[in-house]
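S.K.: So that we are looking at the same thing, I have put the structure below in structure tokens.
Rule-based calculations on the coordinates, nothing more; no lab input. Keep in mind the model is a prediction, meaning the values are calculated, not measured. All Cβ positions, glycine included, derive from the backbone under ideal geometry; neighbour counts span all protein chains shown.
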Amino acid sequence: MNDNSTCPDGMAADGAVSVGRRVLLAAPRGWCAGVDRAVVAVEESLRRFGAPIFVRHEIVHNAFVVESLKRQGAVFVEDTADVPEGSILILSAHGVAPQIHQEAADRNVITVDATCPLVTKVHREAGRFADEDIEIVLIGHEGHEEVVGTLGQAPGHTTLVEGPDDVAALEVRDPGKVAWLSQTTLSVDETTRTVAALRARFPALISPPSDDICYATQNRQNAVKQIASMSDLVLVVGSSNSSNTVRLVEVAETAGVGLAQRIDGVADIDESWLADVSVIGVTAGASAPESIVVEVLAWLAARGYADVQTVETAQETTVFSLPHELRRDLRGEAAAGASRRAETEGTRPEAVERDVP
Ligand code: SF4
């Protein structure tokens with residue numbers, strides 16, 4: 001599927017005239033740097049150490065990705081107690097409380113921490129505020145894995161609020177020593193309203209040094225806002241437990257599109273949604289693979305929506321290096337290889353000469 005391509009005969013596979021039908025494809029969309037790093041960490045661990053590799057919780061919130069990794073030998077567990085001693089356990093991109101690291105160490109489980117560095121940044125902020133005895137108001141969704149992990153960084157100092165409506169009931173020890181932090185995948189606009197409500201109650205409210213809502217979340221929300229304002233229908237590819245995906249649907253609805261639907265893949269698309277629809281916006285949450293977007297575009301093209309125009313609102317260049325446990329191991333392998341070569345060259349030069357073709 002080529003962007004900006006137009007159906008040559010203006011006719012869909014079903015014979016419908018496709019004149020005027022088009023797709024607006026949001027950019028950026030789909031995988032972010034943190035998701036890419038986490039998935040590559042599992043694949044690289046499988047390649048290096050072999051199956052099974054245990055993964056605590058869904059590595060990223062996408063059913064397709066999880067199923068694919070299961071087929072390659074990843075075993076997903078919810079509890080560290082389910083991991084056999086001496087095994088390798090990968091911690092998901094959402095991050096965990098310090099207690100999980102301790103549980104793993106107690107069971108002699110080797111952890112590879114695939115927490116997104118932008119979640120780790122929030123963890124560090126929580127730790128710093130707690131060290132200064134500043135009370136933290138964490139804005140986020142109760143029960144979401146990232147929120148559970150961030151709450152665990154400073155449990156005695158942190159209170160969760162889900163939105164502006166929770167602010168009035170907040171009780172704090174010292175209104176002059178309150179800071180706010182947030183989940184990385186929230187609605188930018190709603191979080192702005194929650195922070196405004198907090199500041200109205202606590203004028204000395206301390207902000208994090210930089211935005212906690214990550215670049216990927218912000219960029220995808222800006223992009224879907226743009227296409228939603230020009231579309232009759234918006235399709236958001238991603239799983240139901242993906243926070244940033246669900247936010248994209250909400251943002252599209254708020255931007256005024258007639259209908260916004262989350263889909264895991266083409267099987268979820270209801271043909272009746274296309275009735276009287278000329279322009280379809282397509283985007284994907286930060287954990288949804290591009291291969292599914294490609295399938296959706298092909299499905300739409302077969303129904304007369306072959307004209308695909310990319311609407312780019314930002315360019316992303318962020319890349320994260322692999323978790324340090326894997327980098328350290330790589331360096332160890334490289335060092336061991338160099339040492340073996342030196343030993344060979346130093347002690348058995350004739351053997352080396354014989355081996356060289
Ligand atoms: S959505 Fe943001 S915080 Fe979450 S993994 Fe991606 S870059 Fe990291």
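S.K.: Residue by residue, what Karplus-based ³J(HN,Hα) values in Hz, rounded to whole numbers, does region 238-255 have, using 6.51, -1.76 and 1.60 with θ = phi - 60° and x for Gly and Pro?
M.R.: x, 8, 5, 8, 8, 4, 5, 5, 4, 5, 4, 4, 4, 5, 4, 5, 5, 6
S.K.: Something else: For LYS225, list the aspartates and glutamates whose Cα falls under 13 Å from its own Cα; do not include residues on the same chain fewer than 8 positions away.
M.R.: List returned: ASP189, GLU250, GLU253, GLU312.
S.K.: If you put +1 on each Lys and Arg Cβ and -1 on each Asp and Glu Cβ, how big is the dipole of region 123-219 around its Cα centre, in Debye rounded to 20? Provide the component values of the computation, followed by the final result.
M.R.: Details: 7 positive and 17 negative charges, 57 e Å.
Using Cβ point charges on Lys, Arg, Asp and Glu, region 123-219 gives about 280 debye.
S.K.: In whole Hz and in residue order, list the ³J(HN,Hα) couplings for region 149-163 that follow from phi through the Karplus curve 6.51 cos²θ - 1.76 cosθ + 1.60, θ = phi - 60°; x for Gly and Pro.
M.R.: Using θ = phi - 60°, the values come out as x, 6, 4, x, 6, 8, x, x, 10, 10, 10, 8, 10, 9, x Hz.
S.K.: Can you show me the helix-derived [θ] at 222 nm for the chain, built from DSSP H runs with n ≥ 4 at -39,500 (n - 2.57) apiece and divided by the number of residues, rounded to the nearest 500. Provide the component values of the computation, followed by the final result.
M.R.: Working: 11 runs with 141 residues, N = 357.
Roughly -12500 deg cm²/dmol at 222 nm, from the helical runs in the chain.
S.K.: When the chain is fully extended, how far beyond the present Cα-Cα distance does LEU170 get from GLU250, taking 0.36 nm per residue of separation? Could the numbers behind the result be given before it?
M.R.: Numbers: separation 80, 0.36 × 80 = 28.80 nm, distance 2.61 nm.
Gain in length upon complete extension: 26.2 nm.
S.K.: How many percent of DSSP beta bridges within the chain run antiparallel, rounded to 5? Walk me through the numbers on the way to the answer.
M.R.: Values: 1 of 41 bridges.
Bridges in the chain that DSSP calls antiparallel: roughly 0 percent.
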